[in-house]
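Student: Mind having a look at this structure? Questions to follow.
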Amino acid sequence: MTEEKRAQTKKTGLVLEGGAMRGMFTAGVTDVMMEHGFEFDGIIGVSAGATFGCNYKSRQPGRTIRYNLALCKDPRYCSFRSWIKTGDLYGADFCYRTLPEELDIFDQKAFDENPTAFYAVVTDIESGKAVYHRCGSAEESLQWMRASASMPVFSKPVALDGHLYLDGGISDSIPLKAFEKMGYGRNVVILTQPVEYIKKRNPYMSYLKMRYGRRYPQMIEDLKKRHDFYNRQRAYVRKQAAEGSAYVIMPDFPLKIGSVCHNPDDLRRVYSQGRVAGENHLEGLRAFLEK
């Protein structure tokens, strides 16, 4: 094995699945990991995995649960009123400017100074392909995180670098294989569905095809096959874990929380489940990352 290959094998990554408010589980796990000093060479997040996972790079444990509890009933943060008024269920200007700059400050300086690489996964809706964007400054990264978390129908496509993007989960929900190809040989993967979960075909495909099919046929092809691709990704994660190159943390049972949540008790419950899982995996994480 060459020195370069050996160095790549030792690179550690943190892979964060999306799942909208199931991401509160991920936030609980990652807060425990931050509190115990776990560091990674790279982090890659999809959708909520990106918007919540950025706090790992900025070293702000507790921020995700704090602002979600404070704002879950604020219509500017997430509401059908925002969707009707702005085209975004999660208000883009509020979530990606007012919130991080004024209400619960996102530590951009810490984000920029942390050498950990941070990637946001987005879907190019014209090509249908996943794009793994390495975020530079925190300021420009916020818009890539927004694109990664922009759900079809409930969000406007985000224009960046001459392309239109939506939710990274459309094209790559669990980007473990992509991260391995970038040289991350040992990866901690946080999933938001339990071990027995099997994704089913999207029941709204007819509507999605009517809405996007003429303009973005490649994205529709992704959406048609998303359940099969996702289930294969889960199988791949299991395989890598069995072979020792991945360490997986997931909930023990369904989290029972929607894509939108205005109930602070549900947010606390799912976050607490994540913290318990994080605490339970501390020894295993240390052994995996130190080997």
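All of the numbers you see were taken from the coordinates with simple rules; none came from a lab. Here the structure is a predicted model, which is why all the values come from computation and not from measurement. Cβ coordinates were reconstructed from backbone atoms using ideal geometry, including for glycine residues, and neighbour counts include every protein chain displayed.
Student: Could you pull the Cα extents of the chain along its three principal axes, largest to smallest, in whole Å?
Tutor: For the chain, the Cα extents along the three principal axes come out at 52, 39, 37 Å.
Student: List the pairs from Lys129/Lys256; Lys10/Lys209; Lys57/Lys156; Lys177/Lys291; Lys57/Lys224 whose alpha-carbon separation is above 32 Å, in the order I gave them.
Tutor: Lys10/Lys209; Lys57/Lys224
Student: Taking only the C-alpha atoms, wrap a convex hull around region 119-276 and report its volume per residue in Å³ as a whole number.
Tutor: Expressed per residue, the convex hull around the Cα atoms of region 119-276 is 141 Å³.
Student: Related question: Amide H of Asn114 versus every other amide H placed in the peptide plane: which residues, excluding those fewer than 5 positions away on the same chain, fall under 5 Å?
Tutor: The answer is none.
Student: Glu126's amide H: which non-local residues (gap 5+, or another chain) put their own amide H closer than 5 Å, with H modeled 1.01 Å from N in plane and none for Pro or chain starts?
Tutor: Amide H neighbours of Glu126: Leu164.
Student: Based on Cβ point charges of +1 for Lys and Arg and -1 for Asp and Glu, what charge dipole magnitude is obtained for the chain about its Cα centre, in debye rounded to the nearest 20?
Tutor: Numbers: 42 positive and 35 negative charges, 230 e Å.
Once rounded to the nearest 20, the dipole reads 1100 debye.
Student: Going highest first, how would you order 225-233, 205-213 by mean Cβ packing within 10 Å?
Tutor: The packing order, highest mean first, is 225-233, 205-213.
Student: Next up: I need the semi-axes of the equivalent ellipsoid of region 115-174: take the C-alpha gyration tensor, multiply each eigenvalue by 5, square-root it, list largest first in whole angstrom.
Tutor: Semi-axes, largest first: 18, 12, 10 Å.
Student: Something else now. With the contact rule set at Cα under 8 Å and sequence spacing of 6 or more, what percent relative contact order holds for region 165-291? Don't jump to the answer; show the numbers that get you there.
Tutor: Values: 93 pairs, mean separation 41.4, N = 127.
Relative CO of region 165-291 lands at 33 percent.
Student: Treating cross-link reach as a plain straight distance, find the aspartates and glutamates whose alpha-carbon is under 17 Å from the alpha-carbon of Lys225, omitting any fewer than eight places away in the same chain.
Tutor: Candidates past the 8-residue exclusion: Asp124, Glu126, Asp167, Asp172.
Student: What does the extension gain come out to for Gln108 and Ala159, with contour length at 0.36 nm per residue minus their alpha carbon separation?
Tutor: Stretched fully, the Gln108-Ala159 segment lengthens by 16.1 nm.
Student: Would you mind counting up the charge near Met34? Only other residues with Cβ under 11 Å from its Cβ, with Lys and Arg at +1 and Asp and Glu at -1.
Tutor: So the surrounding residues net to 0.
Student: Run through all the Cα pairs of region 180-273 and give the fraction in each 5 Å bin from 0, expressed as whole percent.
Tutor: The percentages, shortest bin first, are 3, 11, 15, 15, 16, 17, 15, 8, 1.
Student: What translational D, rounded to a whole number of µm²/s, comes out for region 36-96 from Stokes-Einstein when the hydrodynamic radius is the Kirkwood one over Cα pairs, at 37 °C and 0.692 mPa s?
Tutor: Taking Rh from Cα pairs, D becomes 252 µm²/s.
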